1. Do we have any residue at all in the range 99-115 that's over 23 Å from residue 207 (Cβ atoms) and in contact with a helix residue (DSSP H, G or I) (Cβ under 6 Å, 6 or more places away or on another chain)?
2. Do you know which of the residues in the range 133-183 that are modelled with pLDDT under 95 and assigned to a strand (DSSP E or B) is surrounded by the fewest Cβ atoms within 10 Å (Cβ to Cβ)?
3. What are the residue pairs meeting all of these: first residue in the range 103-127, first residue modelled with pLDDT of 95 or more, second residue assigned to a helix (DSSP H, G or I) and surrounded by fewer than 14 Cβ atoms within 10 Å (Cβ to Cβ), Cβ atoms under 8 Å, and 6 or more apart or on different chains?
4. Of 220, 228, which residue is farther than 22 Å from residue 147 by Cα, buried (at least 17 other Cβ atoms within 10 Å of the Cβ) and out of contact with any helix residue (DSSP H, G or I) (no Cβ under 8 Å at 6 or more places or on another chain)?
5. Please indicate, with yes or no, whether at least one residue in the range 206-215 is under 22 Å from residue 101 (Cα atoms) and either under 16 Å from the mean Cα position of the chain (by Cα) or at pLDDT 95 or above (or both).
6. Is it true that residue 200 is at pLDDT below 95, within 26 Å of residue 100 (Cβ to Cβ) and touching a helix residue (DSSP H, G or I) at 6+ places or on another chain (Cβ under 7 Å)?
7. When the residues of the range 184-205 are filtered to those that are within 15 Å of the chain's Cα centre (by Cα) and part of a helix (DSSP H, G or I), which remaining residue is nearest to residue 141 (Cα to Cα)?
8. Please find, among 68, 95, the residue that is out of contact with any strand residue (DSSP E or B) (no Cβ under 6 Å at 6 or more places or on another chain), closer than 23 Å to residue 193 by Cα, modelled with pLDDT under 95 and surrounded by fewer than 16 Cβ atoms within 10 Å (Cβ to Cβ).
């Protein structure tokens, strides 16, 4: 019971966060580039309360945007990923970061291990034919990700309390690197929240993979990035 009570209190205290972030993002959208850069610097080197560390992508000068389906997206200027082949490689062991990392228990870490083991296969299967040719053995763009936070949530709290209480979540990073040049072409950071009584963290996550893949397929990486709203948080 202490775990579930803690989950409920945590969910209530953070339930308004996405809306608050969206308000800040919309307010910042009208500012000139110089002001955006200054505001971004004020937040430090990380985003998403420390769950997003740009240094993992191997590049510090990353300016993220939010799209309809992706919380944080970056695409290199002039990069054309259309018609390319994508090699999805196995993800490294999960290493939780961010404000909730120390609170995650054995169940959370077990779920992260289970999801991590099949992530590259799942992305390759779901995105095949959407963003281009995908494979787990070859391709000219290497795609690798990592889980930076994961929570099973509290099923009892979801049913008994509702309103986002007991929500589980999975937070990932994903980077696309040109094998020939070693150049980072695109970067993604996203958090999927499972807030309904009948959904589970993993099933909600893979539904998002389909939605994100469709958005990138319909708009293209560069266009999706160009249309996105600048993130400073």
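1. yes
2. Here the residue is 169.
3. Final answer for the pair search is 126/210.
4. 228
5. There is no residue in the range 206-215 that is under 22 Å from residue 101 (Cα atoms) and either under 16 Å from the mean Cα position of the chain (by Cα) or at pLDDT 95 or above (or both).
6. no
7. It comes out as 205.
8. Going through 68, 95 in turn, the sole match is 95.
The values are calculated or read from the model by the stated rules, or taken from the named source; none is laboratory data. For clarity, every value in this text was computed on a predicted model and none was experimentally measured. Here Cβ is always computed from backbone atoms with ideal geometry, including for glycine, and neighbour counts include all displayed protein chains.
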